[in-house]
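Single-structure report; data block below.
The values are calculated or read from the model by the stated rules, or taken from the named source; none is laboratory data. Only a predicted model underlies this, so the values are computations on that prediction, with no experimental measurement involved. No Cβ is skipped: glycine too gets one built from the backbone with ideal geometry, and neighbour counts run over all protein chains shown. These area figures cover heavy atoms from the full protein model, side chains too; ligands, DNA and RNA do not enter into them. Shrake-Rupley method; radii C 1.70, N 1.55, O 1.52, S 1.80 Å.
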Amino acid sequence: ETTEEEKITNMTNACRTILECIGENPDREGLLKTPDRWAKALLFMTKGYAQTIPSVTNDAIFAEDDHHEMVVVRNIDIHSLCEHHMVPFMGVVHIGYIPDGKIIGLSKLARIAEVYARRLQVQERLTRQIADAIVDAVEPLGVAVVVECAHLCMVMRGVQKVGAKTVTSSVKGVFESNPKTRAEFFSIINGMCQPCG
């Protein structure tokens, strides 16, 4: 397996080639350290490949038989890279689930989202992967995930539409089978109501 140092060396050399191909001089003062910085930044932005869900949930899953109401965490910041152009997309994820004997530490929902966001992604798959990981982790009655992002591949190139946002959702279990439960989740994430009793 390639070591971190070997990866950085290979990526630094590749970045120098890219800089030359776009007409830059990688040996000029302002760019001397750029290949190394870029390599380290890209490894950070894709660190999700080196992470697993069990490693980030870190045993923060607890038995809880008395809570069967919706748990929602809204507005979790995410940053990812579009796999088609390797250009960032960023926004928020909203996660809701209904426990069925197990609950998960709230911060772990954000960590699960981060594992999948820190990879080359398409938003549709990212949304589904977050939902599936929560199903696998706590086996809830249902899970709902909504991701809202602005994609710089649509802003900086192509159609160049600055205000456009993409919204994707993945619903599992009772969120898929029960329209009332699904509607309650969407009302909560849109700030239109408090959780119903």
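For F89, which sequence-distant residues (separation of 5 or more, or a different chain) have an amide H within less than 5 Å of its own amide H, given hydrogens modelled in the peptide plane?
Amide H neighbours of F89, under 5 Å, 5+ apart: S80, L81, C82, L152.
Taking θ as phi - 60°, what are the ³J(HN,Hα) couplings along the stretch 156-167 by the Karplus curve (6.51, -1.76, 1.60), each to the nearest whole Hz, with x for Gly and Pro?
So the J values, rounded to whole Hz, are 8, 8, x, 6, 6, 10, 5, x, 6, 10, 10, 10.
Please list, by residue number, everything in the stretch 100-133 whose backbone N is under 19 Å from a paramagnetic label point 7 Å out along Cα→Cβ of F62.
Counting backbone N atoms under 19 Å from the label point, the list is 100-112.
Looking at the chain as a GNM with Cα springs under 10 Å, which of P26, P88, P99 has the largest mean-square fluctuation?
P26
Could you state the accessible area per residue of the stretch 79-197 in Å², with a 1.4 Å probe and every protein chain left in place? Could the numbers behind the result be given before it?
Numbers: 5620 Å² over 119 residues.
With the other protein chains kept in place, the stretch 79-197 gives 47 Å² per residue.
How large is the Kirkwood hydrodynamic radius of the chain, in angstrom, based on all distinct alpha carbon pairs?
18.7 Å
So if I take the centroid of the Cα atoms in the stretch 131-195 and the same for the stretch 1-42, what is the distance between those two points in Å?
37 Å
Which value does Rg/Rh take for the stretch 1-114 over its C-alpha atoms, Rh per Kirkwood?
Ratio value, two decimals: 1.16.
Taking a cut-off of 17 Å, what percent of all Cα-Cα pairs in the stretch 20-60 are separated by more than that?
The calculated P(r) of the stretch 20-60 puts 54 percent of pairs beyond 17 Å.
For the stretch 123-135, just list the computed ³J(HN,Hα) in residue order, Karplus coefficients 6.51, -1.76 and 1.60, θ = phi - 60°, integers in Hz, with x standing in for Gly and Pro.
With the stated coefficients, the stretch 123-135 comes to 4, 4, 5, 3, 4, 5, 5, 4, 4, 4, 5, 5, 4 Hz.
In whole Hz, with x marking every Gly and Pro, tabulate ³J(HN,Hα) for the stretch 182-191 from phi via Karplus 6.51 cos²θ - 1.76 cosθ + 1.60, θ = phi - 60°.
Values per residue, Gly and Pro as x: 4, 5, 4, 4, 5, 5, 5, 5, 8, x Hz.
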